[in-house]
Amino acid sequence: MTSVRNDSARFDKAERLEADPAPLHGLVLVGGQSSRMGRPKWALRYRGEPHGLALYRTVSHFCDQTFLSIRPEQESDPELSDYPHISDRFPGMGSLGGILSAMTKYPQAAWLVVACDLPFLEAGTMERLLADRDPSKCATSYRSPFDGMPEPLCAVYEPEACLRLLQTAELGHNCARKMLMNSEVEVIESRDPRELTNVNQPHEYEEAVARLRAEGQAQRE
């Protein structure tokens, strides 16, 4: 009996791999409180424009539809509300609430989710993630170079992840990493640890800007 079940599982997985994956939507998380930074992280300028909006344009290249994830009170911000957006329906749950708000609104879609506090994130980072996407699994994510765990804020969540995220929320967790750690997930290695470095405090922002400026100067020379 065990052999039959194993053969059936392999067949089911092969079928899922051959099937068309769910349509891919994009979500840029810009609804954080930014309490440590002291100002909205989405509006920080690393290359001359608000980084959250720059990421929106980059993500849009890979997705059928792309949205900003915002808090309800941000709907009065014209710089954000002019973009397609999804207001958080799960307040107090951090990034997990933003992801759940998107996934419950469009439950048939898979989601490429990125956070706005990743200044070194580039199109190539997302392209590699999508090239290794496994729709037969709950999600595809990078392995964090800092703790070896799945990185939840640069990841693809398949439709089935929604239920597991809801279950995670019910257990009192407000980070999708907990779900990724306890689910069947495709985890890939990052080529450059820096691309998954997040910036949360003013001195980190200044250091990131200085580094990007130096690199830009070196390229021009």
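The values are calculated or read from the model by the stated rules, or taken from the named source; none is laboratory data. Quick caveat, the model's predicted, so the values are computed rather than measured. Counting neighbours? That spans all protein chains shown, and the Cβs are built from the backbone with ideal geometry, glycine included. These accessible areas exclude ligands, DNA and RNA; they are computed on the full protein's heavy atoms, side chains included. Shrake-Rupley method; radii C 1.70, N 1.55, O 1.52, S 1.80 Å.
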I'd like the orientation of helix 51-60 relative to the chain: the angle between its Cα long axis and the longest Cα principal axis, in ° from 0 to 90, rounded to 10.
40
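Dipole magnitude of the chain about its Cα centre, charges +1 at Lys/Arg Cβ and -1 at Asp/Glu Cβ only, in debye to the nearest 20? Could you put the intermediate results ahead of the total?
On the way: 25 positive and 33 negative charges, 67 e Å.
With only Lys, Arg, Asp and Glu charged at Cβ, the dipole is about 320 debye.
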Would you mind putting 173-182, 123-132, 89-98 in packing order, based on average other-beta-carbon counts within 10 Å, highest first?
173-182, 89-98, 123-132
Of the accessible area of region 26-171, computed with a 1.4 Å probe and all protein chains kept, carbon and sulfur make up a percent value of 49
Stokes-Einstein D for region 62-207, Kirkwood Rh over Cα pairs, 25 °C, 0.890 mPa s (µm²/s):
155
1/(1 + (r/R0)^6) with r = Cβ-Cβ of Glu75 and Arg39, R0 = 22 Å, i.e. FRET efficiency to nearest 0.05, evaluates to 0.70
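Taking 8 Å as the Cα distance limit and 6 or more residues as the minimum spacing, I'd like the relative contact order of the chain as a percentage. Don't skip to the answer; put the middle values down first.
Working: 370 pairs, mean separation 47.6, N = 221.
Relative contact order here is 22 percent.
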List the aspartates and glutamates whose alpha-carbon lies under 17 Å from that of Lys178, not counting same-chain residues fewer than 8 positions away?
Asp147, Glu151, Glu158, Glu160, Glu170, Glu186
Over the Cα atoms of region 16-130 the radius of gyration and the largest Cα-Cα distance (Dmax), both in Å, equal 14.0, 48
Two-site label geometry, Lys105 and Asn182: point separation in nm, points 7 Å out along Cα→Cβ:
2.7
Just to be sure I understand the model, the point goes 7 Å from the Cα along the line to the Cβ. What's the resulting Ala131 to Ala210 distance in nm?
3.4
Provide the per residue accessible area, probe 1.4 Å, for region 62-221, rounded to a whole number of square angstrom.
48
For the residue pair Arg89 and Ala123, what label-to-label distance in nm results when each label sits 7 Å from Cα along the Cα-to-beta-carbon direction?
3.3
Region 123-221: radius of gyration over Cα atoms, expressed as a fraction of 2.2 N^0.38 Å:
1.28
